[in-house]
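Below you'll find the structure, written out as structure tokens, and then a few comments.
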Amino acid sequence: MSTHEHTRTAWEDASQKHVREYAEHLEMARTARLLPIEEQVIGPLLPGAEVLHPQSGHGLDDHALLRLGATSVHGLDYSPTAVGAAQRRADELGVPCRYQVAELPTTGLEGEVADVVYTGKGALIWMADLGAWAREMHRLLRPGGHLFVLEAHPLVPLWAWDADEARVRGDRSYFAASHVNDSFPARGATEHQRTLAETVMTVRGAGFELLHLAEHPEPFWQPDDEEAAAWDGRLPNTFSLLARRR
Ligand SMILES: C[S@@+](CC[C@H](N)C(=O)[O-])C[C@H]1O[C@@H](n2cnc3c(N)ncnc32)[C@H](O)[C@@H]1O
């Protein structure tokens, strides 16, 4: 099996969680909120916006986007299981979210269909060619439309999860091209790495103007029962980026 097929299979397996925990997700969707930094940066741009959400996963954030004023959300993910669970929930709640199976960076969609592209929380690391992904997002946005990303900081793969002291893993490099995920949910999947500078320059190179870039100490996700010293507020664990289509 190729690396690509292995990663896709890992995600298809991991997405079964959305089916197993359907009832909990349904309840979570009723009150879902974005993180405070997301609300602050992308919140003002959401009223009346048609949003595209590539690598939409469980799609719980889509309910938060609607709550902040988006008129619709179009989620794209290559896992039929994730797409099916998210669509079932949206239909049950009667909200304007639609989900489609698509293998990014190709979408097959018409150009200039969205006002906002919202994504992150473990989305960009699956793209072997981030430039192709950024160019596709540029094509799908209407002129002046915005790309917003809240992602794991590229240093995160280096943090060990020791509780007593923050440590750098000996088997990882900030400048490596990739590593294999060894933690839940997509254990065994290959994560593509790029430095923060590479991500920013790739987005700019696709035709975007950078409006906001910030690094944050809080992880967007941490496993239950883990309390790593790397999350104690002294190290970067996420970054947020807002760019406008030129
Ligand atoms: C960490 S999850 C999703 C992030 C989402 N924001 C969330 O919180 O659920 C990553 C998602 O990306 C999807 N994915 C990974 N590679 C993909 C690709 N090439 N095309 C489409 N979806 C992909 C996976 O199926 C998975 O649902």
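Data table
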| item | result |
| --- | --- |
| Residue within the stretch 198-207 that is modelled with pLDDT of 95 or more, over 21 Å from GLU136 (Cβ atoms) and either assigned to a loop (DSSP other than H, G, I, E, B) or more than 15 Å from the ligand (Cβ to nearest atom) (or both) present | no |
| Number of positions in the stretch 104-124 that are more than 13 Å from ARG244 (Cα to Cα) and in contact (Cβ under 8 Å) with a residue 60 or more places away in the chain | 7 |
| Per-region count, the stretch 125-138, residues more than 15 Å from LEU52 (Cα to Cα) and touching a residue at least 60 places away in the same chain (Cβ under 8 Å) | 6 |
| Residue count for the stretch 137-171, restricted to those that are part of a loop (DSSP other than H, G, I, E, B) and under 15 Å from the mean Cα position of the chain (by Cα) | 2 |
| ALA85 surrounded by fewer than 22 Cβ atoms within 10 Å (Cβ to Cβ) and either more than 19 Å from ALA243 (Cβ to Cβ) or without any contact (Cβ under 8 Å) to a residue 40 or more places away in the chain (or both) | no |
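Results for (1) within 15 Å of the ligand (Cβ to nearest atom); (2) more than 16 Å from GLY188 (Cα to Cα); (3) of a type outside the set (Lys, Arg), shown as yes or no for each residue.
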position: THR3; (1), (2), (3): yes, no, yes
position: HIS18; (1), (2), (3): yes, yes, yes
position: ALA23; (1), (2), (3): no, yes, yes
position: MET28; (1), (2), (3): yes, yes, yes
position: LEU34; (1), (2), (3): yes, yes, yes
position: GLU38; (1), (2), (3): yes, yes, yes
position: VAL41; (1), (2), (3): no, yes, yes
position: GLU50; (1), (2), (3): no, yes, yes
position: SER56; (1), (2), (3): yes, yes, yes
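The values are calculated or read from the model by the stated rules, or taken from the named source; none is laboratory data. Just so it is clear, the model here is predicted, and its values are computed rather than measured. Positions of Cβ are backbone-derived with ideal geometry, glycine not excepted, and every protein chain shown enters the neighbour counts.
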